[in-house]
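The block underneath contains the structure these notes are about, expressed in structure tokens.
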Amino acid sequence: MKNDTRVTYTRLIATILIIVSTLFLLTRLMMPKYDIGVTEGALVAEYYDEIKDHDLIFIGDCEVYDNFSPAVLWQDYGINSYIRGSAQQLAWQSYYLLEDTLYHEKPAVVIFNVLSLMYNEPQREAYNRMSLEGMRWTPAKVRAISSSMMGSEHFLDYVFPLLRYHSRWKELDVTDFTRIFTRDKVSHNGFFINVGVRPAINVPEGRILGNYDFGEKAMAYLDKMTALCRENGIELILVKAPSLYPYWYDEWEEQVKAYAQAHDLKYLNFLALIEETGLDFMTDTYNAGLHLNLSGAEKITHYLGEFLLNNTSLADRRGEASLRAEWEKKLAAYDQEVERKRGEEE
Amino acid sequence: MLFTSYEFIGFLLVLFTSYYLIPKKHQWKLLLAFSYLFYFIAGPVYLLYIAATTATIFFFARKIDNFTLRQKEYDKKFYKTIIKSKKWRLLFLALLINLGILAVSKYTNFAIANANSLLRAVGSESQFGLRNIIVPLGISFYTFQALSYLFDVYRGTISAERNFFRFALFVSFFPQLIQGPISRFGDLKKTLFSGHSFDSKQISSGLQRILWGFFKKLVIADRIAAGVSEIIREPDLYGGAYVFVGMLFFALELYADFTGGIDITIGVAEVLGIKVAENFRRPYFSKSIKEFWKRWHISMGAWFTDYVFYPVTVSKPMLRLSKWSRRNLGQALGKRVPIYLSSFIVWFLTGLWHGASWNFIVWGLANWTVIMVSQELEPLYNRFHKSFPALKGKLSFKFFQILRTFTLMCFIRSFNCYRDVPITFKMWGTMVTERNVRILWDGSLLGLGLSLADFIILGFGVLLIVWVSLKQRKGPVREYLSTKPYWVKFVLWYGLFLMVLIFGAYGVGYDASQFIYNQF
């Protein structure tokens, strides 16, 4: 009798272990390998590998991870920063990523890029996935998913990604099997290096809109972001990166300016600082004005570094030995990546 | 709430857990609450329809039953003349109300469209506008189920249920509410209202049946649905051999979809300890269309046989017709005329029940034609078999009969696929006029929205279904598997679960396909 019970329990435990492990393995197998495919999808998860001691956190969409270089901010200004941005990251996703960040650390300054205020609804499931999948499970992630889902999406698909990605069985290749447990780092403190050059010629004018007011939902999350920063003693700075497209309307600019003024926030529109930053859209963009390349990103980061040291509480931390040692490794990797990408371009 | 949705799985989990936690005597009440909740989620307005059917049938059946119960108190002659007529009037009223609801909600626009065609044909310019009428989910199924109870009470086969809520559960029992089977009160009540103890063997068997249903629906039916809709959506592009392919695909889709849905229904009921009758017995192994209809959608066929065919055949006008035809057409043919006519009515109604369109009516009548022609040719077959007696027992001949029946069925079913009847005939014509057989092997089939990988999965799925069907001839496959060692069972069932999980056509990127029979 006793023996029977032991066999039953052993069998039960073995069954559960087999089920859990096969489902885990299948999930890992079926999930997209962002680091070798659509690399933007890998950005959010990389934050958790960091030592969480940043003075400055950038949050926003592609206009942050393509346009600001934390390496330059450290190397030339001693500011330890990280970019929490992903492709078409919506205002509410940025807010919840900020909440998520605050579980780990409390930076002195947060910079939010305002382009995403143009969206009041989720745009595409693929972008949702890239912004949300990398987040670790916290109440912030639950709320981020709930507020971002499109009509066709289901919360359970985020909890069990196999339910979403099971259809990838048709497109599996060798790398899906060899990279079940490994992933390469694709960013440098959230910055995505692009060294190519594609001049901005014939940038289209913005089409006429029926309504230029930012949506209620987007603005509500900007409010929440402002309040969250205030509660935590963080200075929130609004920026508009110098991307020529999507078109940045004067009406939008006025709304952001008015908001910044009303809430006593600093606001930098880099589109209005082309001369000061020295940007040249013939050489400083890799996709005809949508995003800056390394050269462009370094130019505006220099301007930002100066601005931050002169206008905020941020101070030069290059004197801290352990942080410097950490950054030395990062800078070496950064330089190596720049070299590699330049080599690829040539 | 689709049977294959996360919501339905969640709904079942809550129900199964609470069902076995509460006292047994309350289990049927919980089922009633969940059945109405299920229907409420589908559409709050639908509740009014099902409640109306439940209330009227319950009321009239009790009235009828009261007369039956007091039969002995009446004088025999009085009962036969007065009471029987009263019972008939009550039955007629109940039918009028309930078939009226069914007709108005399901067939009004069909009637309007036909009236408009008629007006156009006689040169009139006036047309009636189509109405925006709600068609409650599963109305054909629950109406027929409720009517079967009414007929059985009228005939005295069963006594009327005295508890309104029990009857309400019989009508609304959610697993079979939207696609059958059309159960009989006498059969279902044996397990529907009794208390059930937690029985791990029974629950595991029910869950296995549900899983098998999910496999058929998600891995096969919803996968091949893309190919079917591509072929029928563009008849101009897909003629000739494509029509044949479309027929085959549709046969597979319909089988996997409908039997998969019924597997889920029976499995859910089994987990709850309730026995729901089987609705299929390996129909594609039938050797004639007549046999096919005894093995496909069994509960519907039995319903029409019991409540339409027999009553119509023995009705006074039909008996008069029988007499007349025997006198004028001879004994042999005269005997068959009323049967053929009753059969015609049954198949006409069967077609109409399936859908408010001429496609379905023609489909029903095509079935009738094939069955009647087969019957008429039976003496010829018998002579043939007498001349070649060895043929009958041969496997190759059985295979030929199965293939012949399947092919015929595929042709008849194509009426349900294409937009209208003339297009169906036109597409049959292209099978002769368009010489494009090469599409079967030159890769053209990969342009139907199905990749090679999809075809491999479908091929495997078909083989699995055929294996299960062959195994079923000797008894239930689940019972057979239950005798195997634990790890063999685990590998098989967990393997099937993983197949559904990985290869199932569900989630983002797939359209959540409604079960085809939900639409009836």
Only listed residue being open to solvent by 80 Å² or more (accessible area, probe 1.4 Å), in contact (Cβ under 8 Å) with a residue 60 or more places away in the chain and part of a helix (DSSP H, G or I), chosen from B:Lys426, B:Lys386: B:Lys426
So which of A:Leu163, A:Leu228 is at pLDDT 95 or above and outside any loop (DSSP other than H, G, I, E, B)? A:Leu228
Looking across the range A:309-346 at residues that are among the small types (Gly, Ala, Ser) and assigned to a loop (DSSP other than H, G, I, E, B), the single one that is nearest to A:Lys266 (Cα to Cα) is A:Ser313
Could you identify the single residue in A:Pro70, A:Pro32 that is within 14 Å of chain B (Cβ to nearest Cβ) and in contact (Cβ under 8 Å) with a residue 12 or more places away in the chain? A:Pro32
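Can you name the residue in the range A:144-154 that is under 15 Å from A:Leu132 (Cα atoms) and facing chain B (nearest Cβ under 9 Å) and is also least open to solvent (accessible area, probe 1.4 Å) among such residues?
So, considering only residues that are under 15 Å from A:Leu132 (Cα atoms) and facing chain B (nearest Cβ under 9 Å), the one least open to solvent (accessible area, probe 1.4 Å) is A:Glu153.
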Within the range B:22-37, is even one residue open to solvent by less than 20 Å² (accessible area, probe 1.4 Å) and aliphatic (A, V, I, L, M)? yes
Scan the range B:173-207 for residues that are touching a Phe, Trp or Tyr at 6+ places or on another chain (Cβ under 6 Å) and either assigned to a loop (DSSP other than H, G, I, E, B) or assigned by TED's automatic domain parsing to the domain that holds B:Leu501 (or both) and jot them down. B:Gln179, B:Gly180, B:Ile182, B:Phe193, B:Phe198
Please work out which one of (1) surrounded by fewer than 23 Cβ atoms within 10 Å (Cβ to Cβ); (2) part of a loop (DSSP other than H, G, I, E, B); (3) in contact with a Leu (Cβ under 9 Å, 6 or more places away or on another chain) is the condition A:Asn67 fails and give its number. (1)
Give the residue, chosen from B:Leu321, B:Leu341, B:Leu329, that is without any contact (Cβ under 8 Å) to a residue 12 or more places away in the chain and of a type in the set (A, V, I, L, M). B:Leu329
If B:Ala251 meets every condition in (1) part of a helix (DSSP H, G or I); (2) crowded, with 24+ Cβ neighbours inside 10 Å apart from one, which number is that one? (2)
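Quick one: in the range B:463-498, of everything that is basic (Lys, Arg) and more than 14 Å from chain A (Cβ to nearest Cβ), which residue is surrounded by the most Cβ atoms within 10 Å (Cβ to Cβ)?
B:Arg478
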Residue pairs within 9 Å by beta carbon, gap of at least six or interchain, first lying in the range B:97-108 and free of Cβ contacts under 8 Å to residues at least 40 places away in the same chain, second loosely packed, with under 15 Cβ neighbours inside 10 Å, listed first then second, are B:Ala103/B:Ala111; B:Val104/B:Ile133; B:Thr108/B:Leu130; B:Thr108/B:Arg131; B:Thr108/B:Ile133
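For the range B:279-373, which fully contained helices (runs of 4 or more DSSP H) count at least 1 residues that are of a type outside the set (D, E, K, R), closer than 27 Å to B:Asp420 by Cα and open to solvent by less than 40 Å² (accessible area, probe 1.4 Å)?
In the range B:279-373, the matching helices (runs of 4 or more DSSP H) lie at B:289-295, B:298-304, B:331-354.
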Every residue from the range B:21-36 that is in a helix (DSSP H, G or I) and free of Cβ contacts under 8 Å to residues at least 12 places away in the same chain: B:Leu21, B:His26, B:Ala33
Can you find a residue that is within 14 Å of another protein chain (Cβ to nearest Cβ), open to solvent by less than 20 Å² (accessible area, probe 1.4 Å) and within 14 Å of the chain's Cα centre (by Cα) anywhere in the range A:106-128? yes
Of all residues in the range A:174-199, which are crowded, with 18+ Cβ neighbours inside 10 Å and over 21 Å from the mean Cα position of the chain (by Cα)? A:Asp176
How many of the residues in the range A:157-170 are facing chain B (nearest Cβ under 7 Å), more than 17 Å from A:Tyr127 (Cα to Cα) and open to solvent by less than 60 Å² (accessible area, probe 1.4 Å)? 5
One residue from A:Leu238, A:Leu268 being out of contact with any Leu (no Cβ under 7 Å at 6 or more places or on another chain), assigned to a strand (DSSP E or B) and closer than 18 Å to A:Phe58 by Cβ: A:Leu268
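So which of B:Ile231, B:Ile289, B:Ile274 is at pLDDT 95 or above and of a type outside the set (Ser, Thr, Tyr)?
The match here is B:Ile274.
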What number of residues within the range A:133-143 satisfy the criterion of being open to solvent by 60 Å² or more (accessible area, probe 1.4 Å) and either within 14 Å of chain B (Cβ to nearest Cβ) or within 19 Å of A:Glu40 (Cα to Cα) (or both)? 1
Among the residues in the range B:73-82, are any modelled with pLDDT of 90 or more and crowded, with 17+ Cβ neighbours inside 10 Å? no
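Just checking, which of B:Lys392, B:Lys335 is free of Cβ contacts under 8 Å to residues at least 12 places away in the same chain and in contact with a Lys or Arg (Cβ under 9 Å, 6 or more places away or on another chain)?
Criteria check complete, one pass: B:Lys392.
Matching residues to (1) of a type in the set (A, V, I, L, M); (2) at positive phi:
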| residue | (1), (2) |
| --- | --- |
| A:Val64 | yes, no |
| A:Gln88 | no, yes |
| A:His104 | no, no |
| A:Met118 | yes, no |
Can you find a residue in the range A:87-99 that is in a loop (DSSP other than H, G, I, E, B), surrounded by 24 or more Cβ atoms within 10 Å (Cβ to Cβ) and under 14 Å from the mean Cα position of the chain (by Cα)? yes
Please indicate, with yes or no, whether at least one residue in the range B:150-159 is in contact (Cβ under 8 Å) with a residue 12 or more places away in the chain, open to solvent by 10 Å² or more (accessible area, probe 1.4 Å) and among the aliphatic types (A, V, I, L, M). yes
Reported set for the range A:1-57 where residues are acidic (Asp, Glu) and surrounded by 11 or more Cβ atoms within 10 Å (Cβ to Cβ) is A:Asp35, A:Glu40, A:Glu46, A:Glu50, A:Asp53, A:Asp55
Set B:Leu501, B:Leu450: member being within 23 Å of A:Ala14 (Cα to Cα), within 14 Å of another protein chain (Cβ to nearest Cβ) and surrounded by 17 or more Cβ atoms within 10 Å (Cβ to Cβ): B:Leu501
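From the set of residues in the range B:91-112 that are among the β-branched types (Val, Ile, Thr) and touching a Phe, Trp or Tyr at 6+ places or on another chain (Cβ under 9 Å), which is farthest from B:Ala52 (Cα to Cα)?
It comes out as B:Ile112.
The values are calculated or read from the model by the stated rules, or taken from the named source; none is laboratory data. From a predicted model like this one, the values you see are computed outputs, not experimental measurements. Glycine gets a Cβ as well: all are built from the backbone with ideal geometry, and neighbour counts include every protein chain shown. With ligands, DNA and RNA removed, areas are computed over all heavy atoms of the protein, side chains included. Shrake-Rupley method; radii C 1.70, N 1.55, O 1.52, S 1.80 Å.
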